[in-house]
Structure formats: structure tokens, C-alpha cells
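Undergrad: Okay, handing you the structure first.
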Amino acid sequence: IVQDYEDLKEWFGEDELDNEESCPDIFIIGFQEIIDLSTSNVVVDSFFDNESRANAQLWLDRVVRFLEMFGKKHHLEYSLVCDERLLGTYIILMVESNL
């Protein structure tokens, strides 16, 4: 399970970024199947949003926390522009704050 900076570091390819100039200005992170896409889950989730909302919030917290630490390390700051869920999919858009 991905839980901390070290877990996300490889996923984001941080080791390949040498300096501030090579750091991305925009991060778009997409997830699929943040809930099990059974018929009952899709129907229940479309009315109550419980499981996908909880899973989306968990991933948002992890990504924001990672980019805060990543930004401090590279003297950058990232801001959340938007995040959207649709059934089992979820997308997060974060940009470097000075853009």
C-alpha cells in the first residue's frame, strides 16, 4: 500500500529530476477503479458517494502531502487546481504556484 513519501517517490519519478528546472510545472494524476466496479457498488456509490469519496480523499491527501515534501526539497510550491470523481475514476490536477 502506498502510504508515504518514499512509496510515492518512485511512482512520481523523483529520482530522475536533477534540479528545479527539470521539475514539472503540472501534475495530472489519474486513478481508475478506486472502488470495486460491481453493479451494486456503482448504484450505491452514485447515490451516496461513500466509498469512492473516502478513497478519493485518501489519495488526494497522499498526493498533496507528497507534493508538499517534493516542493520543499526542490524549492517549489504546488497548488491544487481541481479534483474530480466519476464512478471508479478519479483525477487530480496540481500546478506549480508561480505559473
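We did not get these values from a lab; they are worked out from the coordinates using the rules stated. Being a predicted model, the structure only gives us computed values, none of them experimental.
Undergrad: Taking θ as phi - 60°, what are the ³J(HN,Hα) couplings along segment 84-99 by the Karplus curve (6.51, -1.76, 1.60), each to the nearest whole Hz, with x for Gly and Pro?
TA: Ordered by residue, 3J(HN,Hα) equals 9, 10, 8, 6, x, 9, 8, 10, 10, 10, 10, 10, 5, 5, 7, 6 Hz.
Undergrad: Also, I was wondering about something else. Hey, can you grab everything whose amide H is under 5 Å from the amide H of residue 78? Only 5+ residues off in sequence or another chain; H modelled, so Pro and N-termini drop out.
TA: Distant-sequence amide H within range of residue 78: 97.
Undergrad: For segment 55-99, count all C-alpha to C-alpha pairs, find those more than 16 Å apart, and express that count as a whole percent of the total. Write out the running numbers ahead of the final one.
TA: Numbers: 369 of 990 pairs.
Above the 16 Å cut-off, segment 55-99 has 37 percent of its Cα pairs.
Undergrad: Could you give me the ³J(HN,Hα) list for segment 70-82, computed from phi with Karplus coefficients 6.51, -1.76, 1.60 and θ = phi - 60°, whole Hz, x at Gly and Pro?
TA: Once θ is set to phi - 60°, the couplings for segment 70-82 become 4, x, 4, 5, 10, 6, 10, 9, 10, 10, 6, 8, 6 Hz.
Undergrad: Would you kindly derive the ³J(HN,Hα) couplings of segment 61-68 from the backbone phi angles with the Karplus curve 6.51 cos²θ - 1.76 cosθ + 1.60 (θ = phi - 60°), listing them in order in whole Hz, with x for Gly and Pro?
TA: Result, ordered by residue: 4, 5, 5, 4, 4, 4, 5, 5 Hz.
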